[in-house]
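See below for the structure under consideration.
The values are calculated or read from the model by the stated rules, or taken from the named source; none is laboratory data. This one's a predicted model, so the numbers in the text were calculated from it and none came from an experiment. In this analysis, Cβ positions are derived from the backbone assuming ideal geometry, glycine residues included, and neighbour counts consider all displayed protein chains. Only protein heavy atoms, including side chains, enter the accessible area calculation; ligands, DNA and RNA are left aside. Shrake-Rupley method; radii C 1.70, N 1.55, O 1.52, S 1.80 Å.
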Amino acid sequence: MVLADLGRRINGALSSLSRAGTLDDALLDSTLKEICTALLESDVNVKLVASLRTRVKAQVKAALEADKTGGGRDAQKRNVVQKAVFDELVGLVNPGVEPYKPKKGQSNVIMAVGLQGNGKTTTCTKLAVYYQKRGFKSCIVCADTFRAGAFDQTRQSATKAKVAYFGSYTETDPVVIAAQGVEKFRKERFEIIIVDTSGRHKQEKDLFAEMEMIGEAVKPDMTVLVLDASIGQAAEAQSRAFKETANFGAIIVTKMDGHAKGGGAISAVAATQTPIIFLGTGEHLSDLERFAPEPFISKMLG
Ligand code: GDP
């Protein structure tokens, strides 16, 4: 189920609370069951959904017990349920961790990691454009020597976006390219230096070893995991594996415009306690939206 449908379904469950007569335990249970089924169908992690259900119930119970009228009128009870569901949905996408904020007047190195095809190269250019528009002198270093054509793709999109770039057709060591590019752009006082890394190797072990070496060479201020919205339940294992090696401090979820369910990628937040900072919403370079938990859930619920 795509996120817009998920929002509609949750809203539907909540509004049926308003239409029903007395709000008793059975009605609360059936409402929560409907909401949890919708979340599971959107690929939100099973354990997260189970804990959301328990926490909403606990929140509702605590609020009603605190109410001196012995539970309040049904309309109040419904508000309590609605607020508890909203809070818990926000909690799903809010790890309570502040992401790194690039500062003007200094070099901020951002390293992008993620599997091939997730939209990493596109996102690197989108990020450069985003910061350039906000007055940061921005550039891209293509340290992907694994995928044929990666540097050409960076060159084309960076040229189109009028963003400076660095890469090599002859050097085969991505660590060397990353180090050279970052050093050059630091000297030239670029403020946002985005390092695009390669997405997949024959063995994952090699990919992670390469990421670690690039990280040591360029000392990123922020590492970003780029995740495809359609990743589904695999998000948890994949994001944990990247977290252990690359210790990313932020997530960008791409392809939110498509028919992806999105819930899997959202589950990566909880699995790694790392905030989502942007959503990719299309193939154009301007299709990048800032992410914030409350507005995102409000928008989803319409
Ligand atoms: P990489 O292998 O991770 O570097 O992935 P690419 O940047 O080459 O992107 C793979 C494909 O996904 C390309 O066709 C992109 O145009 C597309 N893509 C990337 N981000 C988005 C997005 O937010 N929405 C849509 N619809 N497509 C995207």
Tally of residues being touching a Phe, Trp or Tyr at 6+ places or on another chain (Cβ under 9 Å) and within 15 Å of the ligand (Cβ to nearest atom) across segment 256-284: 4
Segments classed as helices (runs of 4 or more DSSP H), wholly inside segment 131-249, with at least 2 members that are of a type in the set (V, I, T) and under 24 Å from the mean Cα position of the chain (by Cα): 204-218
Looking only at segment 222-234, and only at residues there that are open to solvent by 40 Å² or more (accessible area, probe 1.4 Å) and of a type outside the set (A, V, I, L, M), the one that is modelled with the lowest pLDDT: Q233
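Find the residue count for segment 260-281, including only residues that are part of a loop (DSSP other than H, G, I, E, B), hydroxyl-bearing (S, T, Y) and open to solvent by less than 20 Å² (accessible area, probe 1.4 Å). Before the answer, list the steps.
Going through segment 260-281, the residues part of a loop (DSSP other than H, G, I, E, B) turn out to be 260-262, 273-275, 281.
Then drop every residue that is not hydroxyl-bearing (S, T, Y), which leaves 274, 281.
Okay, now just the ones that are also open to solvent by less than 20 Å² (accessible area, probe 1.4 Å), so 274.
Within segment 260-281, residues that are part of a loop (DSSP other than H, G, I, E, B), hydroxyl-bearing (S, T, Y) and open to solvent by less than 20 Å² (accessible area, probe 1.4 Å) number 1.
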Subset of segment 185-221 (residues that are closer than 18 Å to T254 by Cβ and open to solvent by less than 10 Å² (accessible area, probe 1.4 Å)): I194, V195, D196, T197, S198, G199
Matching residues, segment 250-259, being outside any strand (DSSP E or B) and at pLDDT 90 or above: K255, M256, D257
Lone unmet requirement of (1) in a strand (DSSP E or B); (2) open to solvent by 30 Å² or more (accessible area, probe 1.4 Å) for H284: (1)
Any pair with Cβ under 9 angstrom, 6 or more apart, that starts in segment 234-258 at a residue that is on the phi > 0 side of the Ramachandran plot and ends at one that is polar (S, T, N, Q) and part of a helix (DSSP H, G or I): K255/S230
Residue among K160, K137, K133 that is within 16 Å of the ligand (Cβ to nearest atom) and of a type outside the set (A, V, I, L, M, F, W, C): K160
Qualifying residue in segment 108-118 (condition: away from the ligand (no atom under 16 Å from the Cβ) and farther than 27 Å from G258 by Cβ): yes
Residue list for segment 243-255, restricted to those being touching a strand residue (DSSP E or B) at 6+ places or on another chain (Cβ under 6 Å) and more than 13 Å from the ligand (Cβ to nearest atom): A246, F248, G249, A250, I251
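Is it the case, given these coordinates, that P174 is in contact with a Ser or Thr (Cβ under 7 Å, 6 or more places away or on another chain), open to solvent by 10 Å² or more (accessible area, probe 1.4 Å) and under 30 Å from E65 (Cα atoms)?
no
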Sole residue being without any contact (Cβ under 8 Å) to a residue 24 or more places away in the chain and within 12 Å of the ligand (Cβ to nearest atom), chosen from F146, F151: F151
Considering residues of segment 129-148 that are over 18 Å from L288 (Cβ atoms) and of a type in the set (V, I, T) only, the residue modelled with the highest pLDDT: V141
